[in-house]
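Colleague: Handing you a structure now.
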Amino acid sequence: MKLVVVGGVAAGASTAARARRLDEDAEIIVFERGHHVSFANCGLPYHVGEVISERSRLLLQTPESLRESLAIDVRIATEVVSIDREARVVTVREVDTGREYTEGYDALALCMGAEPMRPPLPGIDLPSVQVLRRIGDMDRIKARLDASLAEQKAGRRGVVTAVVVGAGYIGLEMAENLHHRGVRVDVVELADQILPPVDADIAAPVEQHLRARGIGLHLSTAAAAFRALADVDGDDRVSVELNSGTTIAADLVILAAGVRPSVALAIDAGLELGTHGGIAVDTHMRTSDLHIWAAGDAVETPHPVLPGSHLNPLAGPANRQARVAAENICGRDTEYLSTQGTSIVKVFDMVAGGTGATRRQLDAAGIEHRVVHVHPSGHAGYYPGTAMMHLKVLFSPEDGRLLGAQACGFDGVDKRLDLLAMAIRAGLTVHDLEQQELAYAPPFGSAKDPINMAGFVAANVLKGDLTLWYAEDYPAATEGARLIDVRTPEEYDVWHIPGAESVPLATFREAMADWDRTTPIRLYCAVGFRSYLAHRILVQSGFADVATLSGGSTTFTHVHGRASDTYEAQPPMENYAEKVSVASAVATATGARTDLDCTGLACPGPIMRLAAAMKAADAGDEIRVTVSDPGFALDGPAWASKNGHTLVDIEPQGAGYVATFRKGGFAPVATRAQGPEKMSMVVFSGDLDKLIAAFIIANGAIAMGQEVSMFFTFWGLNSLRREDPPRREKKAMEKMFGAMMPRGANKLTLSQMHMAGAGTAMIKSVMKRHEVQPLPELIQAAQDGGARLIGCTMTMDLLGIAASDLIDGVELGGVATFLGESQESGSTLFI
């Protein structure tokens, strides 16, 4: 048998090598139009960035090594220009000499790969506009960067700026490696997201990571033209004109806008093509000609989930297709069933990838599916070196069969994608994910692995234990419903979804006790676990319409961001402490600094630790905090701004950041130098907010040396009632009033925004967060400071309140008592 292989990189070299291992007597010829064979195409960006320092390490085989080890005749710089299918002859041309000749074959394998896209734009052929596909491309780009060092030493500009057109895997790898070489990089991408192989919510954290490393991103933007720039040093600089109207001056442009299958030879030969323009093959990798096979980037293959055939320019599938083609060429019956597109990329410290179908593809194909988002750590959170992972799993609502998965994060992303890729290939379900027994030790994973966690959540959805709503559906998903944030008050105060009420999980059961069970409830927390607990509480308490945000606020911010023209954050709730106590002022640095290690802590851990450290610090002291939570880039500055502190600097480090905060100084509210010696109040209201204000003012006056008397009448008396008064005989009317009125300071509610208990719980949380004493403690502090608390005896008689029903220390008096106090006071307040 004589086998001719067209193309000598991944698929071509693998076809020839496998065929030799199966048939020692075959004559095998490989034609490669480039000057290198079997090289590591995926490693090219890393040699440009000098991560892979030795060029020779990319040359996996040479014509000489293939001849010596496998007796394969490899002819580089030789291009096949035509195929005579009837005569089974190919015509070839030597690239360097132009000499042409023919070569017969018994079997022909087309492994031409793909070609980089070069859109017909003005200036596309300028010397500084390059592509990266082959060894020669890499050599030219690296030589330009290497020469730049000498140019800069000589006082010339060199390569300072670069534009990468395309934000796929190669584009982002080139952006990173150019950055490693000291080049300032802008990435231009036509789509509204980077990384087309994943959905936007998985790409969003990577976008944030890129921007934090100084990479400029221009999304939903296309390059329109390249213009040569006049340069006094004679450098080949270009002006990159974008369709947005922006112009970027660049010393180097890398085109990474995708590839297209190299099929010109197949078209000229009359071979059948697939729906996406690739070569059509059967499961044996045979084309429409019985004597011609094809493999690699130029072919279309089925997908295990999606209908039809698809192009997948990936090295792994190319090698496996080549193996199948060679086996069938050599007489075996081997099938290649499908390509699911498993892929992964490293972008600085972050990793992202996917396998199977994306949500976009499932929607386009009309395939019904469900989605879950989980955000576990790469390994046990208490062991150093981990960070939050963003894992998205798509599955069938009928039987739970896995349809696709995507992930991004820092550690352990690759092995989770590999496991999910095998699960999709094997036709496993989310129930199988629950049952997988995976390797666990703190440096490698968790007792409940992210794979298990995704299975648990998805299985809960299928069992009806959990109903999800999705960030993409906001705000429609929350219309007509109460949106409840069950995170801590600290998390809520830093940022929350517009329209959300704060009902922390710790107080949730008490707060929801009197909610209307027919009102739809939409819950969320940071990642979905706490809101799941609240979901179970509500459902088991008879609430009819409850749903939890998939992936929590973490996924929500990936979809919508923190603030936009459409979803603008609402102003925080007013709090009394800020009004009557202190005003923020920028503090002068003291030189004192404390280092705080918060690595391994997920939100709100770093913020909580930082807040505690700030309380112990003096104004002007600095806290230098190290975190592994990527979200801290938004949370930290927001927290500092809200609490009157200064963000000194923040720098990316690994998965997270190192940030320095300076504690804010405080200036007291201006007061009169001399004031009245006595203040009196009439406290008529029984509303919690008004009572808080009354006692904060009273305590403030006491602190300033004033005497205070407070006359409680009608509903104001409820704040002084005991929660557990001694038993006594009561008349029917007294019993009725006693049941209707709140018993004591802890039972009072807000005058506005009570919201079935949620608003009241919110103000109590705000007070606790700002270290404002709760109302019972404010009352006790006023008494300890000498304030006279006077209960109106007339009101007590009307409402059936006895002296034994009131807290200790309350005096009894009438209107005359109040008027006497008022006449001696410099001011009298009515509350």
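Values quoted throughout were computed directly from the atomic coordinates according to the rules given, and no laboratory measurement underlies them. What you are looking at is a predicted structure, and each value in this text was computed from that prediction instead of being measured. We place every Cβ from the backbone using ideal geometry, glycine too, and count neighbours over all the protein chains shown.
Colleague: Over the alpha-carbon set of the range 1-131, work out the extent along each principal axis and list the three values in angstrom, largest first.
Modeller: Largest first, the range 1-131 extends 46, 34, 23 Å along its Cα principal axes.
Colleague: For the range 354-454, what is the per residue volume of the convex hull drawn over the alpha-carbon atoms, in cubic angstrom?
Modeller: Looking at the range 354-454, the number lands at 80 Å³ per residue.
Colleague: Another question, then. If you average 1/r over every pair of different alpha-carbon atoms in the range 250-349 and take one over that average, what Kirkwood value in Å do you get?
Modeller: When all Cα pairs of the range 250-349 are included, the Kirkwood radius is 14.6 Å.
Colleague: Then there's this: Using a Förster radius of 60 Å, what is the FRET efficiency between D236 and M422 based on their Cβ-Cβ separation? Nearest 0.05, please. Kindly include the intermediate steps, with their values, before the conclusion.
Modeller: On the way: r = 48 Å, r/R0 = 0.80.
The calculated FRET efficiency here is 0.80.
Colleague: Extending each Cα 7 Å along its Cβ direction at D545 and N746, get the distance between those two points in nm, one decimal.
Modeller: If labels sit at D545 and N746, their model points lie 3.6 nm apart.
Colleague: When C330, C42, C792, C598 are ordered from fewest to most other Cβ atoms inside 10 Å of their Cβ, what list results?
Modeller: Sorted ascending by nearby Cβ count, the order is C42, C330, C598, C792.
Colleague: With θ set to phi - 60° and the Karplus curve 6.51 cos²θ - 1.76 cosθ + 1.60, what are the ³J(HN,Hα) couplings of the range 189-196 in order, to the nearest whole Hz, using x for Gly and Pro?
Modeller: Using θ = phi - 60°, the values come out as 9, 5, 6, 8, 8, 8, 6, x Hz.
Colleague: Throw me the Rg/Rh for the range 129-257, computed over C-alpha atoms with Kirkwood Rh, two decimals. Mind dumping the intermediate values first?
Modeller: Working: Rg = 14.6 Å, Rh = 15.0 Å.
The Rg/Rh ratio comes out at 0.97.
Colleague: HN-Hα J couplings of the range 292-308 from phi, Karplus 6.51/-1.76/1.60, θ = phi - 60°, integer Hz, Gly and Pro as x?
Modeller: 10, 10, 8, 7, x, 5, 8, 9, 9, 9, x, 10, x, 10, 8, x, x
Colleague: Please compute the Kirkwood hydrodynamic radius over the chain, one decimal place, Å, based on all pairs of different Cα atoms.
Modeller: Over the chain, the inverse of the mean reciprocal pair distance is 31.8 Å.
Colleague: For R18, what is the net charge nearby, where nearby means another residue's Cβ is under 12 Å from its Cβ and Lys, Arg count +1, Asp, Glu -1?
Modeller: Summing Lys/Arg as +1 and Asp/Glu as -1 gives +3.
Colleague: Now for a different question. For K615, list the aspartates and glutamates whose Cα falls under 16 Å from its own Cα; do not include residues on the same chain fewer than 8 positions away.
Modeller: E490, D595, E771
Colleague: How big is the gap, in Å, between the Cα center of the range 30-65 and the Cα center of the range 434-452?
Modeller: Comparing the Cα centres of the range 30-65 and the range 434-452, I get a distance of 37 Å.
Colleague: Taking K and R as +1 and D and E as -1, what net charge do the other residues with C-beta under 14 Å from the C-beta of F661 add up to? It would help to have the intermediate numbers written out before the result.
Modeller: Numbers: positive: R593, R609, K615, R624, K642, R662, K663; negative: D595, D618, D621, E622, D635, D649, E651.
Every neighbour counted, the sum reads 0.
Colleague: Would you list M138, M174 from fewest to most Cβ contacts within 10 Å?
Modeller: So the ranking, lowest neighbour count to highest, is M138, M174.
Colleague: Express the C-alpha Rg of the range 468-560 as a ratio against the empirical globular expectation 2.2 N^0.38 Å, rounded to two decimals.
Modeller: Rounded to two decimals, the normalised Rg is 0.97.
Colleague: May I pose another question? What residues from the range 1-44 fall in the zone where the backbone N is under 12 Å from a label point 7 Å along the Cα-to-C-beta line of H291?
Modeller: Within reach of a label on H291, which here means backbone N under 12 Å from a point 7 Å along Cα→Cβ, the range 1-44 contributes 2-4.
Colleague: Separate question: For K747, which lysines qualify as cross-link partners when the Cα separation must be under 19 Å and same-chain residues fewer than eight apart are set aside?
Modeller: Correct list for K747: K690, K735, K764, K768.
Colleague: Okay, moving on. Ignoring solvent entirely, what values of log10 I(q)/I(0) come out of the Debye formula for the range 343-399 at 0.29 Å⁻¹ when each Cα is a single scatterer?
Modeller: With no solvent term, the Cα-only Debye profile gives -1.20.
Colleague: Taking the dipole about the Cα centre of the chain, with the C-beta of Lys and Arg at +1 and of Asp and Glu at -1, give me whichever of V238, A114, A513 is farthest to the positive side.
Modeller: The Cα lying farthest towards the positive end belongs to A513.
Colleague: For the chain, what does the helix formula give at 222 nm: sum of -39500 (n - 2.57) over DSSP H segments with n ≥ 4, over the residue count, nearest 500 deg cm²/dmol?
Modeller: -9000 deg cm²/dmol
Colleague: If you take the square roots of the eigenvalues of the alpha-carbon gyration tensor of the range 405-452 and sort them as a ≥ b ≥ c, do you get rounded (a/c under 1.5), prolate (a/b over b/c) or oblate?
Modeller: Since a/c reaches 1.5 but b/c is at least a/b, the shape of the range 405-452 is classed as oblate.
Colleague: Taking the Cα atoms of the range 592-723, what is the range of coordinates along each of the three principal axes, in descending order and whole Å?
Modeller: Computed over the range 592-723, the largest-to-smallest principal extents equal 62, 39, 20 Å.
Colleague: Mind ranking 698-707, 385-394, 336-345, 363-372 by how tightly packed they are, going by the mean number of other C-beta atoms within 10 angstrom, highest first? Spell out each step's value before the answer.
Modeller: Numbers: 698-707: 17.1, 385-394: 24.4, 336-345: 20.6, 363-372: 15.2.
Listed from highest to lowest mean packing, they are 385-394, 336-345, 698-707, 363-372.
Colleague: Provide, as a two-decimal number, the C-alpha radius of gyration of the range 678-830 over 2.2 N^0.38 Å, N being how many residues it has.
Modeller: The value comes to 1.03.
Colleague: Taking 8 Å as the Cα distance limit and 6 or more residues as the minimum spacing, I'd like the relative contact order of the range 349-461 as a percentage.
Modeller: 29 percent
Colleague: Provide the gained length on full extension for the span A228 to A439, in nm with one decimal, where the gain is 0.36 nm per separating residue minus the Cα-Cα distance.
Modeller: 70.3 nm
Colleague: Using only Cα positions of the range 309-371, each an equal point scatterer, no hydration layer, compute I(q)/I(0) via Debye at q = 0.17, 0.23 Å⁻¹ and quote the log10 values to two decimals.
Modeller: Here log10 of I(q) over I(0) equals -0.78, -1.01.
Colleague: Can I ask one more? For a protection proxy built on the mean count of beta-carbon atoms within 10 angstrom, sort 521-533, 118-130, 651-663 highest first, please.
Modeller: For the peptides 521-533, 118-130, 651-663, the packing ranking is 521-533, 651-663, 118-130.
Colleague: So what is the relative contact order for the chain, in percent, with contacts set as C-alpha pairs under 8 Å and at least six apart?
Modeller: That works out to 8 percent.
Colleague: For D618 and R727, FRET efficiency with R0 = 51 Å and r from the beta-carbon atoms, rounded to 0.05?
Modeller: So, using R0 = 51 Å, E works out to roughly 0.45.
Colleague: Based only on other Cβ atoms within 10 Å, what is the fewest-to-most ordering of I779, I497, I537?
Modeller: Listed from fewest to most nearby Cβ atoms, that is I537, I497, I779.
Colleague: Here's something else I'd like to know. Which percent of Cα pairs goes in each bin when the distances of the range 425-504 are cut into 5 angstrom slices starting at zero?
Modeller: 3, 12, 14, 13, 16, 15, 14, 9, 3, 0
Colleague: Translational diffusion coefficient of the range 77-145 at 4 °C, 1.567 mPa s, Stokes-Einstein with Kirkwood Rh over Cα pairs, in µm²/s as a whole number.
Modeller: 86 µm²/s
Colleague: Hey, got the dipole for the chain? About the Cα centre, +1 on K and R Cβ, -1 on D and E Cβ, debye to the nearest 20? Before the final figure, lay out the partial values.
Modeller: Numbers: 76 positive and 102 negative charges, 289 e Å.
That gives a dipole near 1400 debye.
Colleague: Now, a different point. Quick check: the distance between the Cα centres of the range 148-166 and the range 270-339, to the nearest angstrom?
Modeller: Computed from Cα coordinates, the inter-centre distance equals 43 Å.
Colleague: Kindly work out what percent of the DSSP beta bridges joining two residues of the chain are antiparallel, to the nearest 5. Intermediate results must be reported in sequence, preceding the final value.
Modeller: Values: 71 of 138 bridges.
Close to 50 percent.
Colleague: If the cut-off is a Cα-Cα distance under 24 Å, which lysines reach K415, setting aside same-chain residues fewer than 8 apart in sequence?
Modeller: By straight Cα distance, K415 reaches K346, K392, K448.
Colleague: Using only Cα atoms, locate the centre of the range 737-814 and the centre of the range 590-669, then give the distance between them in Å, rounded to an integer.
Modeller: Measuring centre to centre over Cα atoms gives 37 Å.
Colleague: If the chain between K642 and E272 were fully stretched, how many nm would it gain, using 0.36 nm times the residue separation less the Cα-Cα distance?
Modeller: 126.7 nm
Colleague: Also: Using the membrane-span-like helix rule (whole DSSP H runs, Cα extent along the own axis of at least 20 Å, mean Kyte-Doolittle hydropathy at least 1.6), which helices of the chain qualify?
Modeller: On the way: long enough: 135-153 (28 Å, -0.61); 315-329 (21 Å, -0.49); 688-703 (22 Å, 1.63).
Helices meeting the criterion: 688-703.
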